[in-house]
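Remarks on the structure that follows.
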Amino acid sequence: MQTRARSSQTIIELVQGDITHQDTDAIVNAANNSLLGGGGVDGAIHRAAGPQLLEETRTLGGCETGDAKISRGYRLKARYVVHAVGPVYRPNHPDVPRLLASAYRRSLEVAAEHDIHSIAFPSISTGVYGYPVAQAAPIAIATVCDFACSNPQFEIVRFVLFDSGTMRAFADALKHLIAQRPDLTDVS
Ligand code: ADP
């Protein structure tokens, strides 16, 4: 399985696991527009961070789909949580892939405004929001590569994938993108 590549100064890596355990400077939450918590990875992050996370996210004024906001990490190992809102999947709707890419790009832009050099993403929108992971994974990885080309700040961008099917879809996407993009090299 293809699990590591380099894009400019950034190592992009794929691991199967639980994002709440990551020791990267920031972890990304697949949040909803309210930023008041929810199920899936959002619920797991709020449980692990403790009630102060909700106290802070209540003050952030929600978040548009395709955008991201940042909070502290509280009881997490990660110092920050970037709350990104991906789109609910609708087949053949042109806004959907654009909004998914935007959720990843805005997460990196918001993180880049802080002293963050390593960041971990879940697979945004591919749970309750229904985005087919085979379509979402190439968008996720290509968006991170595009950002890495112009932002040497990030040393590690890690995708933390909860189940083996999601892990396999991201590994396949990474393999295909390495074959297509000269800026992405195999370092596995
Ligand atoms: P969305 O509403 O954006 O689809 P979900 O939380 O429902 O978000 O699912 C997004 C992805 O996160 C799914 O692949 C799901 O299996 C995964 N996931 C759930 N819990 C965790 C966790 N603790 N760490 C990493 N990924 C998780």
Filtering region 33-50 down to residues that are more than 6 Å from the ligand (Cβ to nearest atom), touching a helix residue (DSSP H, G or I) at 6+ places or on another chain (Cβ under 7 Å) and either assigned to a loop (DSSP other than H, G, I, E, B) or not β-branched (Val, Ile, Thr) (or both) yields Leu35, Leu36, Gly37, His46, Ala48
From the option list Ala5, Ala68, Ala30, single residue qualifying as open to solvent by less than 50 Å² (accessible area, probe 1.4 Å), within 14 Å of the ligand (Cβ to nearest atom), under 30 Å from Gln180 (Cα atoms) and in contact (Cβ under 8 Å) with a residue 60 or more places away in the chain is Ala30
For region 134-150, pairs from a residue that is among the aromatic types (Phe, Trp, Tyr) to a residue that is open to solvent by 10 Å² or more (accessible area, probe 1.4 Å), with Cβ under 9 Å and 6 or more apart or across chains, are Phe147/Arg105; Phe147/Glu109; Phe147/Ala112
Expected single match for closer than 20 Å to Lys69 by Cα, away from the ligand (no atom under 14 Å from the Cβ) and open to solvent by less than 10 Å² (accessible area, probe 1.4 Å) among Ala148, Ala140 is Ala148
If we keep only residues of region 92-117 that are in contact (Cβ under 8 Å) with a residue 60 or more places away in the chain and more than 16 Å from the ligand (Cβ to nearest atom), then the residue surrounded by the fewest Cβ atoms within 10 Å (Cβ to Cβ) is Asp115
Of the residues in region 8-27, those that are open to solvent by 50 Å² or more (accessible area, probe 1.4 Å) and outside any loop (DSSP other than H, G, I, E, B) come to Gln16, His21
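The values are calculated or read from the model by the stated rules, or taken from the named source; none is laboratory data. All of these numbers come straight from a predicted model, not from anything done at the bench. Because the Cβ atoms are built from the backbone with ideal geometry, glycine has one as well, and the counts that use them run over all protein chains shown. Each accessible area value is taken on the protein alone, full model and side chains, heavy atoms only, with ligands, DNA and RNA left out. Shrake-Rupley method; radii C 1.70, N 1.55, O 1.52, S 1.80 Å.
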